[in-house]
Structure formats: structure tokens, C-alpha cells
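K.L.:
Let me begin by handing over the structure; questions about it come next.
The values are calculated or read from the model by the stated rules, or taken from the named source; none is laboratory data. Because the structure is a prediction, the values reported are computed rather than measured. All Cβ positions, glycine included, derive from the backbone under ideal geometry; neighbour counts span all protein chains shown.
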Amino acid sequence: MTHSDDVRKFLTSRRARITPEEAGLPAYGGNRRVAGLRREEVAMLAGMSIDYYIRLERGNLSGASDSVLEALARALQLDDAETAHLFDLARASAAAPRVRRKRSPQTVRPGVQRILDSITTAPAWVRNDRGDVLAANELGRALYQDMMAAGGPPNSARFTFLNPKAQEFFRDWERTADDIVAVLRSTAGKNPFDKDLTDLIGELSTRSEEFRTRWAKHDVKYHRTGRKRLHHSVVGDLDLTYEALELPADPGLRINVYTAEPASPSEDALKVLASWAATQRSMDGAARPSLGAQDQLRP
């Protein structure tokens, strides 16, 4: 699929979900062919000509000004993540070939690993914007032991859609799957020419119907904070809150930290998990090394 196709399908999918009533337009009886807005209605709401809107919807965002994009976002009632995605698509349309290819970060700095290792009561790990896990603390490795033990660099999307254990681990698997695809779609809008990302999307699209169905919806979202309802094979059910913390010095990297409510069963479960992880380390005969190579990603 080309970049223009992505633009076209994103705009048409957003247009289709808004009824005239929701847009503040009068309904014209039952003779409408579409449930959502017509192109001319979006153009009117955005204050642009129908010809210009058709050009945009066909995938040609090159040259569209910020004011035009903002008007379009208002007309289509885009949320913050969707608006950012629209701007990302426009920037990608105008990107010069020499700056188009960027790879997601593959490693973390030693200082970042030391921060992770200093967090001893909460699972924490670093991922890039493609969902690769680049580093983790001991409790993070223990929490996501099945994902860490998979062959190759751990990847949250690959684990979710291709590993049968994921559906038991994520108690809200459907929502988790929706979120992961929406985050990947946002990432693809920012950097559609990342070959590693393209390869991952191609692999998941080929091997998972669940992924293909979600990818076709063109949904996007931010992944900044929320809840995770998990089932761990050692300590049972966990209800955790996560925070995704940007690393300004390392664009594209985030630290994810999971915490439990004080004095809750989940907090007790994390303590048991930490004790179990320490026991496993002791049985190995040495402290676990920092993550940095594929063979270091196993708990």
C-alpha cells in the first residue's frame, strides 16, 4: 500500500464515521447513499472548495498548510492523536527522499539501563516506537517472561498476535490488540519509510487475520498511560497502571513503568514476583547482565 493510499483510507474512514447530525448539519431524509458525511459536506465544514478536498482525500497532502490541516481536523472531529497523525501524514508527503529513511533506535544508553535497574519495586522496560523491547529491569523481565523468552528481539506486537500465550497473559486481549495496532499505525504515519517497521507490518499482516482486520481500520491513538489486566503464570492476576515516559535525548524511545495500588492484591503479587525473580537469578548463579544483545533478553 502506498502513502497516498494510507492518506485516502484514513480520511475516508474518518468521514464515514460522522453523521450529518453529529456535524450539526440537517438530515435530508432517507435518500443518502452514505451513512457518514459526503465530500462536499466535509469541504463546506472545513471552509475549502470541494475540488481541493477531493485532492486531499485522494492522498495528495503535499503543500497543505497547517491552517488547512487544522480546519480539516475540526471538520472531521479528529481527536489529538488523529490530528497528530494527519500532520504526520502531511509531513511524510513532503519529505525529501534523502531524509525519508530512518530506523527506530535499537539500543539504550548505559545511563538509561542504570535508571531501569534502580527501579526495584515496579516492572520497567524501554521500547522503541515499533514495539521492540530494548532493555528491562529484573521485575520487567519476570513480568513479561514469555515475551522475553521468544526467539529474536522481543516485540510487543509480534508477541500479542503470534504467540498463543498472549491471549491468556492479557486478560483484555481485544483491547490490548486494538491499542498495539493503533500505536503502530501512528508510528507508520510518522515514519512510513522505516524498512524495519514495514517488514514487521508485512509479517503481521501475512500471519494474523486479527492484525489485518485492525490495521484496515486506520485507527490511531497515544500510548501514554492506562491500565493493564494481566495473568501471570507464577503469581496469577495483576491489575496494574502503566506510565509511558518519553526519553527526550533518545527520540522514539519510552520507558514503560507498571505500578499497583498500595496495599492491593496486585502489589502483593508484584512482591512475590520480585522474590521469584531473585530466586531465579540466584539459581542461575550470577546476576543477570544488562540487556543489549539477543541472548541477554532471556529471563
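K.L.:
Within the stretch 211-243, work out how many residues are hydroxyl-bearing (S, T, Y) and at positive phi.
P.N.:
0
K.L.:
Here's something else I'd like to know. Condition first: of a type in the set (F, W, Y) and either free of Cβ contacts under 8 Å to residues at least 40 places away in the same chain or within 21 Å of D79 (Cβ to Cβ) (or both). Now tell me which residues in the stretch 189-224 satisfy that.
P.N.:
W215, Y222
K.L.:
Separate question: Cβ-Cβ distance below 9 Å, separation of 6 or more or different chains: which pairs start in the stretch 249-261 with a residue that is within 13 Å of I115 (Cβ to Cβ) and end on one that is among the hydroxyl-bearing types (S, T, Y) and assigned to a loop (DSSP other than H, G, I, E, B)?
P.N.:
As it stands, the answer is L253/S104, since those pairs meet every condition given.
K.L.:
I need the helices (runs of 4 or more DSSP H) fully contained in the stretch 148-199, keeping only those with at least 1 residues that are under 12 Å from the mean Cα position of the chain (by Cα) and over 30 Å from G236 (Cβ atoms).
P.N.:
It comes to 173-190.
K.L.:
Now for a different question. Out of G24, G36, I need the residue that is under 28 Å from T187 (Cα atoms) and either in the same structural domain as T213 (by TED's automatic domain parsing) or in a loop (DSSP other than H, G, I, E, B) (or both). Which one?
P.N.:
G36
K.L.:
So if I check each of G226, G236, which one is farther than 19 Å from L89 by Cα, of a type outside the set (D, E, K, R), over 15 Å from the mean Cα position of the chain (by Cα) and not assigned by TED's automatic domain parsing to the domain that holds L78?
P.N.:
G236
K.L.:
May I pose another question? If we keep just the residues of the stretch 68-86 that are closer than 13 Å to V220 by Cα and not hydroxyl-bearing (S, T, Y), which is surrounded by the most Cβ atoms within 10 Å (Cβ to Cβ)?
P.N.:
By that ranking, first place goes to H85.
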